[in-house]
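Here the structure is laid out as C-alpha coordinates; the discussion comes afterwards.
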Amino acid sequence: MGDLLSLLTEYRHRQVVVNFYEEDELVARDGFFFDGIERSDGLLSFIKDGRIRWSIPLDDYPSYEAVHDFPRHYRFYGQHRAVELCFPS
(Lines give C-alpha, C1' and ligand atoms only; values in the text may rest on other atoms or scores of the structure.)
Protein backbone atom coordinates (compact mmCIF):
# COMPACT_ATOMS: atom_id res chain seq x y z
CA MET A 1 0.00 0.00 0.00
CA GLY A 2 2.88 2.38 0.68
CA ASP A 3 3.82 2.11 -2.97
CA LEU A 4 0.54 3.79 -3.95
CA LEU A 5 1.30 6.77 -1.72
CA SER A 6 4.78 7.00 -3.23
CA LEU A 7 3.24 6.93 -6.71
CA LEU A 8 0.88 9.77 -5.83
CA THR A 9 3.74 11.95 -4.57
CA GLU A 10 5.24 11.74 -8.07
CA TYR A 11 2.30 13.63 -9.61
CA ARG A 12 3.35 17.21 -10.38
CA HIS A 13 1.71 20.26 -11.98
CA ARG A 14 -1.60 18.58 -12.66
CA GLN A 15 -5.29 18.81 -12.01
CA VAL A 16 -7.21 16.55 -9.63
CA VAL A 17 -10.93 15.92 -9.30
CA VAL A 18 -11.92 14.87 -5.78
CA ASN A 19 -15.17 12.97 -5.21
CA PHE A 20 -16.52 12.58 -1.68
CA TYR A 21 -18.78 9.63 -0.85
CA GLU A 22 -20.88 8.70 2.15
CA GLU A 23 -22.44 5.24 2.18
CA ASP A 24 -21.47 4.87 -1.53
CA GLU A 25 -23.40 8.03 -2.46
CA LEU A 26 -21.57 10.92 -4.09
CA VAL A 27 -22.11 13.90 -1.77
CA ALA A 28 -19.59 16.46 -3.05
CA ARG A 29 -17.06 17.09 -5.79
CA ASP A 30 -14.16 19.49 -6.07
CA GLY A 31 -11.42 20.03 -8.60
CA PHE A 32 -8.24 22.08 -8.55
CA PHE A 33 -4.73 22.41 -9.94
CA PHE A 34 -1.73 21.63 -7.77
CA ASP A 35 2.06 21.81 -7.95
CA GLY A 36 2.85 18.62 -6.01
CA ILE A 37 1.71 16.10 -3.42
CA GLU A 38 3.49 15.52 -0.11
CA ARG A 39 3.08 12.89 2.58
CA SER A 40 3.78 13.95 6.17
CA ASP A 41 2.33 13.68 9.68
CA GLY A 42 -0.44 11.27 8.61
CA LEU A 43 -1.57 13.53 5.77
CA LEU A 44 -1.44 13.34 2.01
CA SER A 45 -1.33 17.03 1.07
CA PHE A 46 -1.80 18.78 -2.25
CA ILE A 47 0.53 21.78 -2.53
CA LYS A 48 -0.14 24.91 -4.60
CA ASP A 49 2.08 28.00 -4.57
CA GLY A 50 4.03 26.67 -1.57
CA ARG A 51 0.91 26.18 0.58
CA ILE A 52 -1.30 23.23 1.41
CA ARG A 53 -4.35 23.47 -0.83
CA TRP A 54 -6.09 20.36 0.57
CA SER A 55 -5.16 17.25 2.58
CA ILE A 56 -6.43 13.73 3.13
CA PRO A 57 -6.08 12.66 6.77
CA LEU A 58 -4.80 9.10 6.32
CA ASP A 59 -6.05 8.05 9.77
CA ASP A 60 -9.61 8.82 8.63
CA TYR A 61 -9.13 6.86 5.40
CA PRO A 62 -6.84 3.97 6.42
CA SER A 63 -7.48 1.88 3.30
CA TYR A 64 -6.66 2.90 -0.25
CA GLU A 65 -6.38 1.35 -3.66
CA ALA A 66 -6.11 2.07 -7.34
CA VAL A 67 -9.48 1.93 -9.11
CA HIS A 68 -8.57 -0.51 -11.85
CA ASP A 69 -11.58 0.28 -14.05
CA PHE A 70 -10.28 3.80 -14.68
CA PRO A 71 -6.72 5.00 -15.29
CA ARG A 72 -5.27 7.44 -12.74
CA HIS A 73 -8.16 6.96 -10.27
CA TYR A 74 -7.50 6.18 -6.61
CA ARG A 75 -9.88 5.54 -3.73
CA PHE A 76 -9.25 6.20 -0.03
CA TYR A 77 -11.87 4.82 2.33
CA GLY A 78 -12.78 4.50 5.94
CA GLN A 79 -15.90 3.56 7.80
CA HIS A 80 -18.96 4.58 5.71
CA ARG A 81 -17.14 7.20 3.64
CA ALA A 82 -14.59 7.50 0.87
CA VAL A 83 -12.60 10.00 -1.15
CA GLU A 84 -11.79 9.31 -4.77
CA LEU A 85 -8.98 11.09 -6.61
CA CYS A 86 -9.13 11.36 -10.38
CA PHE A 87 -6.24 12.78 -12.37
CA PRO A 88 -7.36 13.77 -15.89
CA SER A 89 -4.92 13.33 -18.76
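The values are calculated or read from the model by the stated rules, or taken from the named source; none is laboratory data. Keep in mind that this is a model prediction, so the values were computed, not measured. Here Cβ is always computed from backbone atoms with ideal geometry, including for glycine, and neighbour counts include all displayed protein chains. Please note that ligands, DNA and RNA were not included when accessible areas were found on the heavy atoms of the full protein model with its side chains. Shrake-Rupley method; radii C 1.70, N 1.55, O 1.52, S 1.80 Å.
Please find, within region 56-80, the residue that is least open to solvent (accessible area, probe 1.4 Å) out of those that are of a type in the set (A, V, I, L, M, F, W, C) and farther than 18 Å from GLY36 by Cα. Among residues in region 56-80 that are of a type in the set (A, V, I, L, M, F, W, C) and farther than 18 Å from GLY36 by Cα, the one least open to solvent (accessible area, probe 1.4 Å) is PHE76.
In region 33-55, of all residues being open to solvent by less than 100 Å² (accessible area, probe 1.4 Å) and not in a strand (DSSP E or B), the one that is nearest to GLN15 (Cα to Cα) corresponds to GLY50. Among the residues making up region 2-23, those that are closer than 16 Å to ARG75 by Cβ, touching a residue at least 12 places away in the same chain (Cβ under 8 Å) and either in a strand (DSSP E or B) or open to solvent by 60 Å² or more (accessible area, probe 1.4 Å) (or both) are VAL16, VAL17, VAL18, ASN19, PHE20, TYR21, GLU22, GLU23. Restricting attention to region 31-57, which residues are at pLDDT below 95 and either hydroxyl-bearing (Ser, Thr, Tyr) or under 10 Å from the mean Cα position of the chain (by Cα) (or both)? Scanning region 31-57 gives a single hit, SER40.
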